[in-house]
1. Could you work out the pair-distance distribution P(r) of region 98-164 from its alpha-carbon pairs, with 10 angstrom bin width and percents rounded to whole numbers?
2. Cut-off 18 Å, label point 7 angstrom out along Cα-to-Cβ of residue 243: give me the residues of region 260-300 whose amide nitrogen falls inside.
3. With a/c under 1.5 counting as rounded, go ahead and sort region 12-153 into rounded, prolate or oblate using the C-alpha gyration tensor (a ≥ b ≥ c being the square roots of the eigenvalues; past the cut-off, prolate if a/b is larger than b/c, else oblate).
4. Once the piece of chain linking residue 324 and residue 57 is laid out straight, how much longer is it, given 0.36 nm per residue of separation minus the C-alpha distance between them?
5. Just want to confirm a number: the relative contact order over the chain, from Cα pairs under 8 angstrom separated by 6+ residues, in percent.
6. Arranged from highest to lowest average of other beta-carbon atoms within 10 Å per residue, in what order do the peptides 259-269, 58-68 appear?
7. If each residue's Cβ is checked for other Cβ atoms within 10 Å, how do 138, 184 rank with the fewest at the top?
8. Quick check: pseudo-label points 7 Å beyond the Cα along Cα→Cβ at residue 78 and residue 287, how many nm apart are they?
């Protein structure tokens, strides 16, 4: 989940041979359920180390490491590694990469760094996005389009070496005011049984206004209702000034292709499970108080709700700080 194409670019930055930075976020939270039960407090959200570098003109690397544990998990050091891969630049257009990578699934919500996602779809909340694998990427001569083919371990795998893989093809397109993140994914949820994703991420930009619209269709060859398992996500932002942005976001996930009581071993979609009808909506503001730091320091505030029972209303105010430790 975070910008594989951008990560390729960062690891090949011609102006830098090594960049080390920390990225952290903390929020103050006020939750209420049916305006009766109340939860409040301060919570750390993310604390990560990012390292990008070049070995020479051909080889580069990228690492993102989470510096915390979530309720005792992940249980191993490598489990806390989002990605750690080596890239070989074949020429100006082609590169190959191997290591732990982002599973390449389309859509702008999925592609956004988790530290920037305030509230989310049911798919985003459950997806396991980081796996070991290899990828081959091509960037057009004008730099506007990137096509990446990738094979990784299946994110549904529960044990090592279980013969389950994910086959992913993604296109990052740039037509100026219109950009795309489209993917086709064939993912084994058990040996020789696949669920297929068609993910269409669209971004429309006009001046200070930006609209991201994602549609994801999920389907197994064994299901009868082709269009019964899907997600729609919409996010709009407007830059009031260089230092202030407002946004609204909403989405809907549905899976009615199987009975909610289907045994887990027979479920096609392991992320948006049968019976889910989840809707959410909210909005907020982002402030970048120190102009000289550009967007490395951010203060944010937002409110959102969803259709859970009891229905929550959540108000969050927080800070995100990117600390550049070394760049040379």
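1. It works out to 17, 42, 33, 8, 0, in whole percents.
2. Once the point is set 7 Å along Cα→Cβ of residue 243, 285-300 turn out to lie under 18 Å by backbone N, inside region 260-300.
3. prolate
4. Details: separation 267, 0.36 × 267 = 96.12 nm, distance 2.33 nm.
Extending this stretch completely gives an extra 93.8 nm.
5. Dividing the mean separation by the residue count of the chain yields 16 percent.
6. Ranked from most to least packed, the peptides come out as 58-68, 259-269.
7. On the way: 138 13, 184 16.
Ordered from fewest to most neighbouring Cβ atoms within 10 Å, 138, 184 come out as 138, 184.
8. Simple spin-label model gives 4.5 nm for this pair.
Read the figures in this text as sums done on the coordinates, not as results from a lab. Quick caveat, the model's predicted, so the values are computed rather than measured. Cβ coordinates were reconstructed from backbone atoms using ideal geometry, including for glycine residues, and neighbour counts include every protein chain displayed.
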